[in-house]
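The values are calculated or read from the model by the stated rules, or taken from the named source; none is laboratory data. The shown structure was predicted, so the numbers you read here are calculated from the model rather than taken from an experiment. Counting neighbours? That spans all protein chains shown, and the Cβs are built from the backbone with ideal geometry, glycine included.
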Amino acid sequence: MKAKLGIAPIAWWNDDLAELSDDVSLEECLRQASVAGFTGMETGRRFPMNMEELGPILARYHISVCGGWFSGLLLDGDIEREKDRIRAQMDFFIAARAPCIVYGETARSIQGVRSAPLATKPRLSEEEIKVYGRKMTAFGEWCAGEGMPIAYHHHMAAAIETETELDLLMQHSGEGLPLLFDAGHLAFAGGDVLRVINKHHARISHVHTKDVRMGVIETLDRKRESFLDAVVKGVFTAPGRRLARFRRHREAACLLRL
């Protein structure tokens with residue numbers, strides 16, 4: 001199956017920091033995405049979460065839903081509760097014919113806490129990741145069986161942030177847990193982007209391409225500054241700003257069986 005090119009509204013506004021580009025409307029976001037040639041858009045806080053309202057708006061710009069964040073709590077919760085929590089979004093995404101729901105683990109995460117330094121991120125033992133991987137696999141299999149797969153988003157300031165943590169999660173989970181590969185988050189965490197693609201390409205079903213400003217990363221005080229502080233400083237940037245690196249990532253991504 002060929003990959004499809006979509007974009008996320010974070011290119012226009014930040015759902016966790018309302019002060020960043022809060023003046024951009026949903027329709028302006030969709031209009032610009034359409035003009036740029038994108039055919040898919042992930043959902044965000046300005047999106048009506050039902051197709052009765054959203055469908056006509058998307059149709060106006062020839063754009064479809066290509067994914068969207070779900071704040072998961074399975075690390076500290078149970079599968080049955082998580083099924084109840086995701087049900088409404090799952091029904092909406094099925095109606096929208098979206099390819100997947102983006103699962104982001106927010107239990108213990110400090111990604112949305114401006115006062116929490118990066119150094120205080122949650123850290124799991126391998127045994128904890130092993131248990132978590134089994135739970136995530138079972139949950140992922142259930143979601144796919146219901147008609148809406150998830151894609152697991154490794155994320156800065158969350159339990160699964162680093163290359164080592166991601167490797168362990170992939171090792172201790174099954175194919176029922178597809179991976180969302182995010183080049184920007186992995187680079188921010190100090191990971192080897194190309195190695196992770198090569199090692200886990202068979203599990204990758206969804207990709208976020210973003211670049212990072214190493215000058216921002218290298219000057220962060222991780223004992224005092226948070227993930228959101230880094231965002232405000234401009235740690236993430238458009239793909240290709242570091243052109244040679246992005247070309248290599250793009251070539252590797254072309255090998256993925258999406």
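When 157, 151, 183, 119 are checked against the criterion of being modelled with pLDDT of 95 or more, in contact with a Ser or Thr (Cβ under 8 Å, 6 or more places away or on another chain) and more than 15 Å from residue 74 (Cβ to Cβ), 157 stands alone in meeting it. Selection within the range 149-165: residues that are touching a strand residue (DSSP E or B) at 6+ places or on another chain (Cβ under 6 Å) and part of a loop (DSSP other than H, G, I, E, B). The member of this set that is surrounded by the fewest Cβ atoms within 10 Å (Cβ to Cβ) is 159.
Here residue 190 meets the list (1) surrounded by fewer than 23 Cβ atoms within 10 Å (Cβ to Cβ); (2) more than 15 Å from the chain's Cα centre (by Cα); (3) touching a residue at least 24 places away in the same chain (Cβ under 8 Å); (4) more than 26 Å from residue 225 (Cβ to Cβ) almost entirely, failing just condition (4). Of the set (1) assigned by TED's automatic domain parsing to the domain that holds residue 226; (2) in contact (Cβ under 8 Å) with a residue 40 or more places away in the chain, all apply to residue 91 but (2). Considering each residue of the range 60-70 in turn, none proves to be surrounded by 13 or more Cβ atoms within 10 Å (Cβ to Cβ), modelled with pLDDT of 95 or more, outside any loop (DSSP other than H, G, I, E, B) and basic (Lys, Arg).
Counting the residues of the range 5-38 that are part of a loop (DSSP other than H, G, I, E, B), more than 21 Å from the chain's Cα centre (by Cα) and of a type in the set (S, T, N, Q) gives 1. Within the range 39-53, the set of residues being assigned to a loop (DSSP other than H, G, I, E, B) and farther than 18 Å from residue 69 by Cβ comprises 39 only.
Here's the yes/no breakdown for (1) modelled with pLDDT of 95 or more; (2) among the basic types (Lys, Arg); (3) in contact with a Pro (Cβ under 7 Å, 6 or more places away or on another chain); (4) not assigned by TED's automatic domain parsing to the domain that holds residue 90:
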| residue | (1), (2), (3), (4) |
| --- | --- |
| 2 | no, yes, no, yes |
| 7 | yes, no, no, yes |
| 11 | no, no, no, yes |
| 14 | no, no, no, yes |
| 18 | no, no, no, yes |
| 24 | no, no, no, yes |
| 32 | yes, no, no, yes |
| 36 | yes, no, no, yes |
| 47 | yes, no, no, yes |
